[in-house]
């Protein structure tokens, strides 16, 4: 019996030692980064990502570790993924701009229309789950105000509750639209980052197509179409487009 108990405890200890907690890995990764061991830091951050899931902070630190290794494509990719989870984070925006300054391609990007930019900024005020909470809270408030309207007798109170219910209903609709926009921005897969040091953009999805221009590591592009082992991309200027091998880019 005693041997059985000892055996069970040894198994439990071995399992605990094998499954290292995520916070311990996080501390090891941060320590490796502070000690300028960027290869180990990036490997540990990648391990946390595969085992514990994504977060803006994790993508940001992973981008920093890759940037220190001069891996501009990997750095830009992780910064962009961090930005989708935390669109208003100034540190992420700053590091994206810094990574852009290091890439070879300097593209005059087309600016979003004011209303589109305002809409995206409004959607970024909170997360998709945050908008869901706002939606259900406002919906409950709207129902309560309607109950007040239908089950009270005072004319002034009924009129006020009806006006407030209509206003709350408008906010319900707005929160629904903004929540969907936030979710769409977070889950969209129509953008990619060039990973290859240099890749020739072709006129057709095959190696025999005409050479159009060359793009380099770290450039963010929009994906328009894909066929087997090729994707059709368009640059930020809204004009230059063509086909590159899928292996040359990574979808954000």
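The values are calculated or read from the model by the stated rules, or taken from the named source; none is laboratory data. Computed from a prediction, not measured in an experiment: that's the story for all the values here. Virtual Cβ from ideal backbone geometry, glycine too; neighbours counted across all protein chains shown.
Restricting 58, 83 to residues that are at pLDDT below 95, farther than 15 Å from residue 221 by Cα and in a helix (DSSP H, G or I) narrows the list to 83. Of the residues in segment 164-183, not one is at pLDDT below 95, assigned to a loop (DSSP other than H, G, I, E, B) and out of contact with any helix residue (DSSP H, G or I) (no Cβ under 8 Å at 6 or more places or on another chain). The single residue among 160, 145 that is in the same structural domain as residue 119 (by TED's automatic domain parsing) and touching a residue at least 12 places away in the same chain (Cβ under 8 Å) turns out to be 145. Considering segment 199-235, and only residues there that are surrounded by 16 or more Cβ atoms within 10 Å (Cβ to Cβ) and outside any strand (DSSP E or B), the residue that is farthest from the chain's Cα centre (by Cα) turns out to be 205. When segment 85-95 is filtered for residues that are more than 13 Å from the chain's Cα centre (by Cα) and touching a residue at least 12 places away in the same chain (Cβ under 8 Å), the ones remaining, listed by number, are 91, 95.
If the requirement is being more than 26 Å from residue 31 (Cβ to Cβ), surrounded by 16 or more Cβ atoms within 10 Å (Cβ to Cβ) and modelled with pLDDT under 95, which of these qualifies: 101, 161? One residue alone meets the criteria, 161. Reported count of residues in segment 79-95, each being out of contact with any strand residue (DSSP E or B) (no Cβ under 9 Å at 6 or more places or on another chain) and closer than 16 Å to residue 252 by Cα, is 10.
Conditions tested, residue by residue: (1) in contact with a strand residue (DSSP E or B) (Cβ under 8 Å, 6 or more places away or on another chain); (2) assigned to a helix (DSSP H, G or I); (3) modelled with pLDDT of 90 or more.
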site	(1), (2), (3)
120	no, yes, no
126	no, no, no
129	no, yes, no
136	no, yes, yes
142	no, yes, yes
148	no, yes, yes
